[in-house]
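Only one structure is covered here, and it is reproduced in the block below.
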Amino acid sequence: CCAPLLLLLLLLVLQVVPQPQPVHDGAADQFTFLLVEPTLPSRALPKVHLLPNSATTQQHVAKSSGSLFFWLLQQRADAGGSSQTVLQGYGFEAGVDAAAGSGLLRVVPAWQVVLPGQLLGLAAKDATEPVHSYVKVLGDRSLKYNYLNPNLLFVATGTSPAEAGALPAEQQQVSVTLLNTVTGGVLHQQLHSGCAGPVHAVVSQNWVVYALRDVVALRQQVSSNAGTPSVGPNPVHCSARCCLHLQCSLTFAAGHHAH
């Protein structure tokens, strides 16, 4: 009798947030998921359903609700009609059980970041990726810690391919931003003038590599950023731009292969 209701719910889901720690129920382990519905004009906050919804899973989520976060992305136009990319982060009321019998969790807004331009690329770290190295050994035998934040998000905005034909090449641009999706802190931003999307990126360990189009030189451009924290071994909640200060870039002509 619940199958049609579950199917209807899955059709409305915008995002599925798996929980890393299973629920220990007797001799079995049960993984839980948060099903996020999109926001509506009549509803400012998204609805989040707990799956499966039981007394055991409700207690499990209630214990960790203060450390659970998710984010949503929305495209909208500003007052002048220009495109904006809006990222909204959400959390949950700590220590609050799901509403009895409904499986709904109580959502609270945590942060918001508004980036100008059309969304051109998006990349996040794989939560299950193992850490290859926590430090980098320098020539003087000192250690430099890697910035290993599992909540790192890469966002590229700017001139879309549809807008590129109406603008001179010199006026087209791509802005890349690295965000902490727990705090909403901006860790790094860089503007690439004379470039356009789409942007393809990979985030792994403490580095991000992304490719975009250089419309002035008519070639592909590949850039990379590697991060080391400015204080402590691994400040997950660090929001200073100096957290990601190592950078190198390489370019290669369109149609050629990099070796």
Can you tell me which residue in the stretch 54-69 is most open to solvent (accessible area, probe 1.4 Å), limited to those that are without any contact (Cβ under 8 Å) to a residue 60 or more places away in the chain and of a type in the set (A, V, I, L, M, F, W, C)?
A55
Can you confirm whether the stretch 96-114 contains a residue that is among the polar types (S, T, N, Q) and within 25 Å of L40 (Cα to Cα)?
yes
Of all residues in the stretch 139-159, count the ones that are under 30 Å from G194 (Cβ atoms) and over 20 Å from the mean Cα position of the chain (by Cα).
1
Assess whether P46 counts as being under 23 Å from L179 (Cβ atoms), modelled with pLDDT under 80 and not aromatic (F, W, Y).
no
Test: V186 is modelled with pLDDT under 90 and not hydroxyl-bearing (S, T, Y)
no
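Here's the yes/no breakdown for (1) surrounded by 12 or more Cβ atoms within 10 Å (Cβ to Cβ); (2) under 30 Å from A226 (Cα atoms); (3) free of Cβ contacts under 8 Å to residues at least 40 places away in the same chain:
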residue	(1), (2), (3)
P52	yes, no, yes
R76	no, no, yes
G81	no, no, yes
T85	yes, yes, no
E93	yes, no, yes
L105	yes, no, no
A110	yes, yes, no
T128	no, yes, yes
S133	no, yes, no
Within the stretch 35-43, can one find any residue that is more than 12 Å from L105 (Cα to Cα) and touching a residue at least 24 places away in the same chain (Cβ under 8 Å)?
yes
Every residue in the stretch 112-126 that is surrounded by fewer than 14 Cβ atoms within 10 Å (Cβ to Cβ) and modelled with pLDDT of 90 or more, please.
Q112, V114, P116
Any chance you could count how many residues in the stretch 202-219 are under 17 Å from L122 (Cβ atoms) and in contact with a Leu (Cβ under 8 Å, 6 or more places away or on another chain)?
3
Output for the stretch 153-184, where each listed residue is under 18 Å from V203 (Cα atoms) and open to solvent by 10 Å² or more (accessible area, probe 1.4 Å):
S175, T181, V182, G184
Considering only the stretch 16-32, I want to know if a residue exists there that is open to solvent by less than 70 Å² (accessible area, probe 1.4 Å), under 25 Å from L119 (Cβ atoms), modelled with pLDDT of 85 or more and not in a strand (DSSP E or B).
no
Of all residues in the stretch 204-216, which are among the hydrophobic types (A, V, I, L, M, F, W, C), surrounded by 20 or more Cβ atoms within 10 Å (Cβ to Cβ) and within 29 Å of V17 (Cα to Cα)?
V208
Quick check on the stretch 185-200: of everything there that is closer than 22 Å to F70 by Cα and not small (G, A, S), which residue is most open to solvent (accessible area, probe 1.4 Å)?
Q189
Going through the stretch 135-173 in order, the residues found to be in a strand (DSSP E or B) and either closer than 30 Å to Q75 by Cβ or acidic (D, E) (or both) are L152, L153, F154, V155, A156, T157, G158, Q173
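The values are calculated or read from the model by the stated rules, or taken from the named source; none is laboratory data. Here the structure is a predicted model, which is why all the values come from computation and not from measurement. Cβ sites come from the backbone with ideal geometry, for glycine too, and all protein chains shown count toward neighbours. These area figures cover heavy atoms from the full protein model, side chains too; ligands, DNA and RNA do not enter into them. Shrake-Rupley method; radii C 1.70, N 1.55, O 1.52, S 1.80 Å.
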